[in-house]
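Everything below concerns the one structure shown next.
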Amino acid sequence: MSCKIFHRCGGCGKKQEFVNSGRFRVNANGNCVDVWLIYRCKKCKHSWNLTIYERTKPGKIPHDLFEAFQANDEDVAEEYGNNMDFLKRNKAELN
Ligand SMILES: [Zn+2]
């Protein structure tokens, strides 16, 4: 089970619970890629992208992991959803 996380929602304009959507967003930009895990506001479904990799050379990301991001692997999404370092780095407020 994922941790409950809270964040100020741009849709509701106040702090809300956000839910792990289980989906990743991968964006290639020249030689670098960005990878996010998408959370959604429980109330209004406003999305919030939590950074996993930022401006990273694809060769630095383990191949299996990169494929998991592209396939929206649920287990990997769940792992990140319970990764305290990742959540703190994204300024998620834990309950
Ligand atoms: Zn909201």
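Throughout, read-outs are computed from the coordinates displayed, never taken from laboratory work. Note that the structure is a prediction, hence the values are computed from the model and not measured. Using ideal geometry, Cβ is built from the backbone for each residue, glycine included, and neighbour counts are taken over all protein chains shown.
In a Gaussian network model over the chain where Cα atoms closer than 10 Å are linked, find which of Leu50, Leu37, Leu65 has the largest mean-square fluctuation. Result: Leu65 has the largest fluctuation of those listed.
Of Asp64, Asp73, Asp85, which has the largest mean-square fluctuation in a 10 Å C-alpha GNM of the chain? Result for the chain, Cα springs under 10 Å: Asp64 fluctuates most. One chain, two ends: Ala28 and Lys14. Fully extended at 0.36 nm per residue, the span grows by 1.9 nm beyond their Cα-Cα distance. The distance from the alpha carbon centre of the stretch 36-71 to that of the stretch 80-95 is 13 Å, rounded to a whole number. Identify the residues of the stretch 1-44 with backbone N under 18 Å of a label point that sits 7 angstrom from the Cα of Thr56 along the Cα-to-Cβ direction, or state none. Under cut-off, by backbone N: 22-39. Length gained on full extension, Ser47 to Leu65, computed as 0.36 nm times the residue gap minus the Cα-Cα distance: 4.2 nm. Cα-based values for the stretch 5-94, radius of gyration first and Dmax second, are 13.3, 39 Å.
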